[in-house]
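Enquirer: This is the structure, below, for whatever I ask next.
Every read-out reported here was derived from the displayed coordinates using simple, explicitly stated rules and does not represent laboratory data. What you see is a predicted model; the values in this text were computed from it and never measured. Ideal geometry is used to build each Cβ from the backbone, glycine not excepted, and the neighbour counts take in all protein chains shown.
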Amino acid sequence: MTLPLKYSILVIGGSAGSMSVLVELLNQLPSPFPIPVVIILHRLKNVESELDKLLSIRQPIAEPEDKEPLLQGNIYLAPQNYHLLIEEDGSFSLDYAEPVNFSRPAIDLTFSSAASVFGARSLGILLSGANKDGAAGLCRIIRAGGKGIAQRPDTAGFSIMPQAAIDLCRGVQPMTIKGMIDFLRNISIENKS
Amino acid sequence: MVEEISNGDFTDLVKIIQQRYGYDFTDYAPASLKRRFTRFTGFAHISNVFELKHRLLNDAGFFQEMVQYITVNVTEMFRDPAFYKTLREQVLPRLASYPIIKIWHAGCASGEEVYSMAILLEEAGLLDRCRIYATDMNAANLRKAKKGAVALKDMKDYTCNYIQSGGVNDFSNYYTAGCDTAIIDAALRRNIIFFQHNLVTDQVFNEFQLICCRNVFIYFNRTLQERVVKLFYESLTSLGYLALGIKESLLYNDERFKFEPVNAANKIFRRKV
């Protein structure tokens with residue numbers, strides 16, 4: 001018998017100092033992962049970028065196009081210079097509105113969007129970074145009944161971002177990189193059983 | 001500020017706006033429009049949806065302020081430099097074969113991409129033979145676009161974009177800098193016509209060799225995208241070009257078979273004969 005999945009989406013946000021952590025997570029992430037993974041990184045705009053290829057470590061990572069459906073087992077990277085939102089029909093929707101927290105893509109927007117579509121079935125992880133983007137979004141996920149994890153600030157290259165989330169609301173769970181990897185492996189096993 | 005608007009309230013708000021003011025947001029992509037609504041409640045110090053409905057029903061001036069705020073009017077000069085480079089290298093040489101070149105910028109916001117196009121055409125020696133029709137649903141945008149005023153602080157980024165797009169001139173020749181605004185050279189405006197056109201409700205008005213509609217489709221749902229692609233198809237000459245935003249796709253559109261890709265990465269398509 002297959003139990004219903006506890007989570008329907010994993011959203012990961014990161015900024016300064018998050019690349020190496022992300023690479024480690026992607027290296028250790030069970031593949032294929034049972035739910036769609038969406039990564040939002042603060043990145044440059046209007047430059048040619050191969051970040052998607054760089055992160056295609058164990059499986060190809062794609063930058064979604066507008067209206068593309070989120071598929072189980074896929075890993076997505078928010079494209080540069082757009083906000084990435086999720087529609088209730090389970091498709092992506094891009095937005096070229098003003099930067100939020102000086103950022104486009106803004107982690108807060110994708111996290112909030114995941115919270116409003118998937119509610120308690122959302123799982124958010126906020127990594128190292130040097131501004132407060134993502135904190136409000138992670139709290140939205142927690143208020144919707146989902147789970148919010150922040151990289152333990154003393155293990156982060158830049159602690160401001162995970163610390164902001166921990167300070168903003170109770171319920172954010174600080175974890176080391178190893179803690180996050182164990183947690184993600186467990187979900188994968190739980191989801192399979 | 002209202003943090004989240006329920007689906008029921010969202011539908012009500014869209015209906016009120018449509019019935020009272022004639023702007024039809026029914027087929028907009030809901031995720032971003034909902035966010036625009038909630039963001040506006042923060043701006044207008046509105047604490048609940050009832051108050052928002054009440055003001056909308058009773059205060060036309062309030063709606064004018066709101067429509068200004070909920071439409072996304074963000075744009076950049078030479079956004080996605082690789083796209084402009086492709087235009088220079090693959091599209092303009094073909095357009096050069098027409099005696100009069102007609103171009104439509106649909107959803108031009110405050111005109112930054114229209115002026116970028118005018119610069120490309122000027123450099124290719126084609127601007128005198130062009131008529132650029134630049135349209136937007138938002139009248140305030142068009143007033144701003146006509147002025148050709150750009151924030152000076154953005155010019156640094158735009159200069160980089162221009163160079164990456166293959167520009168070889170001194171970019172500062174194209175504008176006059178004030179204290180905090182740069183005014184685009186009026187000569188670049190000589191063949192641009194700005195006017196109001198709403199892609200949701202308005203129709204074909206001319207025939208074009210190139211239609212640029214970049215980062216407008218992202219705000220529409222598939223039904224509305226379908227309608228607008230049809231409108232563009234009917235507005236293009238055979239083999240006319242259609243340019244969309246770099247992450248926009250015809251893939252989810254039934255009309256896609258009437259177009260062929262010219263440059264898939266930069267989302268340039270061509271109407272089949």
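Enquirer: Using the structure shown, decide if A:N101 is within 11 Å of chain B (Cβ to nearest Cβ) and on the phi > 0 side of the Ramachandran plot.
Expert: Considered against the rule, which asks whether it is within 11 Å of chain B (Cβ to nearest Cβ) and on the phi > 0 side of the Ramachandran plot, A:N101 comes out as no.
Enquirer: Of all the residues that make up the stretch B:208-227, how many are more than 26 Å from B:R88 (Cβ to Cβ) and within 13 Å of chain A (Cβ to nearest Cβ)?
Expert: Total satisfying the criteria: 8.
Enquirer: Check the stretch B:60-68 and report whether any residue there is away from every other protein chain (no Cβ under 12 Å), free of Cβ contacts under 8 Å to residues at least 40 places away in the same chain and among the charged types (D, E, K, R).
Expert: yes
Enquirer: In the list B:V273, B:V200, which residue meets the criterion of being under 29 Å from B:K34 (Cβ atoms) and of a type in the set (A, V, I, L, M)?
Expert: That would be B:V200, the only listed residue that is under 29 Å from B:K34 (Cβ atoms) and of a type in the set (A, V, I, L, M).
Enquirer: Let me ask something else about it. Taking the criterion of being without any contact (Cβ under 8 Å) to a residue 60 or more places away in the chain, assigned to a loop (DSSP other than H, G, I, E, B) and within 13 Å of another protein chain (Cβ to nearest Cβ), would at least one residue in the stretch B:252-261 satisfy it?
Expert: yes
Enquirer: Let me ask another. Can you tell me which residue within the stretch A:10-59, out of those that are within 14 Å of chain B (Cβ to nearest Cβ) and without any contact (Cβ under 8 Å) to a residue 12 or more places away in the chain, is farthest from the chain's Cα centre (by Cα)?
Expert: Out of the qualifying residues, it is A:E48.
Enquirer: Scan the stretch A:46-103 for residues that are of a type in the set (D, E, K, R) and in contact with a helix residue (DSSP H, G or I) (Cβ under 6 Å, 6 or more places away or on another chain) and jot them down.
Expert: Within the stretch A:46-103, A:E63, A:D66, A:E87, A:E88, A:D95 qualify.
Enquirer: Is it fair to say B:V273 is more than 25 Å from B:D24 (Cα to Cα) and assigned to a loop (DSSP other than H, G, I, E, B)?
Expert: Yes; evaluated as a whole, the condition is true for this residue.
Enquirer: For the stretch B:15-59, which positions are out of contact with any strand residue (DSSP E or B) (no Cβ under 9 Å at 6 or more places or on another chain), of a type in the set (A, V, I, L, M) and in contact (Cβ under 8 Å) with a residue 60 or more places away in the chain?
Expert: Of everything in the stretch B:15-59, just one residue is out of contact with any strand residue (DSSP E or B) (no Cβ under 9 Å at 6 or more places or on another chain), of a type in the set (A, V, I, L, M) and in contact (Cβ under 8 Å) with a residue 60 or more places away in the chain, namely B:L33.
Enquirer: Are any residues in the stretch A:60-75 within 12 Å of another protein chain (Cβ to nearest Cβ) and within 15 Å of the chain's Cα centre (by Cα), and if so, which ones?
Expert: Selection gives A:A62, A:E63, A:P64.
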